[in-house]
Amino acid sequence: MVIGVVVGICVLLLILGFLVPRLSDHAKKGTDKGFGAGQRAGSKAPGPIGTLLSKSFGKSQRASSKSHSAGKTARQKLPF
């Protein structure tokens, strides 16, 4: 379920980055805030569970940032 949500966010940011690159920055900042809050909360869990939760939110944030930049890069490569 959570993986599906992260994939959906990545696809949405990819499409927004391609269609409206300047306006999509606001959506990216919002997802970064959400993943950052989850990462901070996960790091407070005890033991290796905290590390695992923190890493998973960090990797999700990295994936969403990569898809957003990929959409913006693809938009820049268009001939018009």
Test: Thr31 is under 10 Å from the mean Cα position of the chain (by Cα) and either loosely packed, with under 14 Cβ neighbours inside 10 Å or on the phi < 0 side of the Ramachandran plot (or both): yes
Of all residues making up region 53-80, the number that are surrounded by 12 or more Cβ atoms within 10 Å (Cβ to Cβ) and out of contact with any Cys (no Cβ under 9 Å at 6 or more places or on another chain): 16
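Values in this text are rule-based calculations from the coordinates and carry no lab data. Computed from a predicted model, the values in this text were never measured in an experiment. Here the Cβ is made from the backbone with ideal geometry for all residues, glycine too, and neighbour counts use every protein chain on show.
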